[in-house]
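Note sheet for the following structure.
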Amino acid sequence: MHAPPDAPWPVRALGRLNAAYPWSHNHHYHRWIMRQVPRRFGRALDVGCGSGELVRLLASRSAMARGIDADPRIVERAREATEGGANVEYAVGDALGDPAAKGPWDVITSVAVLHHLPLTEALEHLKAQLAPGGTLIVVGCHIPATPVDHLLGAVAVPLNPLIGVARNRGRRPGRVPVAMSASTEPPTMTFHEIAAEARRVLPGAGLRRRVFWRHTLVWRRPYGGAPR
């Protein structure tokens, strides 16, 4: 979160703090994600795995965890950081078509990725790869469009640098964390648009707005039908 040069001085000051003490908003939700998954399960897939932090967390509870990402550079960094991870795999590819992403999976996660993809196609594909009883967990981005969105944004602005200082223990890291080096695109849909389409494709899905410009989605596939 960087402030433009013509912004008021308090905003510029916050921007300088953000730049000096960077931290990943996506990693902020990893602990929450782990509270949504079973204590032990079989196979997990992280879509858009980046440098692999969430894959390694999932591997601590699963028989096998695989991360897939379209960026070969960031996947190589993930492999370098996962020495000795016998139940961890990484693949370079498109999560909507690569055989490495083919299910069935007991847990599928995706953090700040679906806004890069056609939403309906992505949700339908991930739904099809989920095992009966399996869990899909998404942390996504949306365009702020309502008073609630703007209120959460207003709360996040002063919290952002404070958490950055705390997470870096008051020390400037000197460089941006690897996890924050992946390319990004701005979201193109509002929360209401995403929620309406998600609930159509995934009946009963639970969606919530969150702080730090994110929303969450949790859907559990009913038993009684095999993935396509």
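Here are a few things to note about the model shown:
- Index of the failed condition, residue 117 passing every other in (1) under 25 Å from residue 36 (Cα atoms); (2) aliphatic (A, V, I, L, M); (3) in contact with a Leu (Cβ under 9 Å, 6 or more places away or on another chain); (4) at pLDDT below 90: (4)
- For segment 56-91, the set of residues classified as open to solvent by 30 Å² or more (accessible area, probe 1.4 Å) and within 20 Å of residue 123 (Cα to Cα) consists of 66, 70, listed by residue number.
- Boolean, residue 112 is under 21 Å from residue 35 (Cα atoms) and at pLDDT below 95: yes
Conditions (1) under 13 Å from the mean Cα position of the chain (by Cα); (2) in contact (Cβ under 8 Å) with a residue 12 or more places away in the chain; (3) farther than 25 Å from residue 209 by Cβ; (4) surrounded by fewer than 22 Cβ atoms within 10 Å (Cβ to Cβ), marked per residue:
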{"residue": "44", "(1), (2), (3), (4)": "no, yes, yes, no"}
{"residue": "47", "(1), (2), (3), (4)": "yes, yes, no, no"}
{"residue": "50", "(1), (2), (3), (4)": "yes, yes, no, no"}
{"residue": "54", "(1), (2), (3), (4)": "yes, yes, no, no"}
{"residue": "94", "(1), (2), (3), (4)": "no, yes, yes, yes"}
{"residue": "108", "(1), (2), (3), (4)": "yes, yes, no, no"}
{"residue": "123", "(1), (2), (3), (4)": "no, yes, no, no"}
{"residue": "130", "(1), (2), (3), (4)": "no, yes, no, no"}
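- Any hit, segment 197-211, residues being modelled with pLDDT under 90, under 21 Å from residue 30 (Cα atoms) and either surrounded by fewer than 16 Cβ atoms within 10 Å (Cβ to Cβ) or within 15 Å of the chain's Cα centre (by Cα) (or both): yes
The values are calculated or read from the model by the stated rules, or taken from the named source; none is laboratory data. Given the structure is predicted, the values throughout are model-derived calculations rather than measurements. All Cβ positions, even for glycine, are placed from backbone atoms using ideal geometry, and neighbour counts span all protein chains on display. Remember, those area values only see protein heavy atoms, side chains included, never the ligands or the DNA or RNA. Shrake-Rupley method; radii C 1.70, N 1.55, O 1.52, S 1.80 Å.
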